[in-house]
Amino acid sequence: LLQFDQKEKNTLLGNRKDYWDYFCDCLAKVKGANDGIRFVKSITELRTSLGKGRAFLRYSLVHQRLADTLQQCFMNTKVTSDWYYARSPFLNSKMSSDIVGQLYELTDVQFDLA
């Protein structure tokens, strides 16, 4: 879902940017929401944007912050519209609200992910 209708972006070296870079853009200035970003950046084994994005999702699930994180990102419509085309459910307020609502139900589940 995070990759659906995502605009293709590349780094200066030609590497493809992914939803990890979207999270970084959205959460860079949100106080208290970038703990996961700092954690993932500290893992030197992660080399690709996709791998960092997956690690960030695992971190968010373990710390029961995935719904909060995505809600913060969806509220940043300027960055979200820069990263996603108009068909993306993240740019539709009803759909994004439904997605966040479903993710909030995951906070009752304890995740133990390495």
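Assuming 0.36 nm per residue, please report the length gained on full extension of the stretch GLN102 to LEU13 beyond their Cα-Cα distance.
Result for the pair: 28.3 nm of gain on full extension.
Which residue fluctuates most in the GNM of the chain (Cα springs below 10 Å): VAL40, VAL79, VAL30?
Most flexible of the set in this elastic network: VAL30.
Which entry in (i) 48, 28, 24; (ii) 41, 34, 24; (iii) 51, 32, 25 matches Cα extents along the principal axes in Å derived from the coordinates of this structure?
Recomputing Cα extents along the principal axes in Å here gives the entry labelled (ii).
Under unit Cβ charges (Lys, Arg +1; Asp, Glu -1), what dipole magnitude, rounded to 20 debye, does segment 9-105 have relative to its Cα centre?
260 debye
So if each residue of separation counts as 0.36 nm, and I subtract the Cα-Cα distance between LEU113 and LYS41, what length gain in nm does that give?
This chain segment gains 24.2 nm when fully extended.
Can you give the local net charge around THR48? Use residues other than it whose beta-carbon is closer than 13 angstrom to its beta-carbon, Lys and Arg +1, Asp and Glu -1.
+2
List the residues, sorted by chain then number, that are 5 or more residues from TYR84 or on another chain and whose placed amide H is less than 5 Å from its amide H.
LYS7
Heavy-atom accessible area per residue, the chain, 1.4 Å probe: how many Å²?
63 Å²
The values are calculated or read from the model by the stated rules, or taken from the named source; none is laboratory data. Treat the numbers as computed from the prediction; the structure is a model and nothing was measured. Neighbour counts run over all protein chains shown; Cβ positions are idealised from the backbone, glycine included. Calculation scope for accessible area: heavy atoms of the full protein, side chains included, ligands and nucleic acids excluded. Shrake-Rupley method; radii C 1.70, N 1.55, O 1.52, S 1.80 Å.
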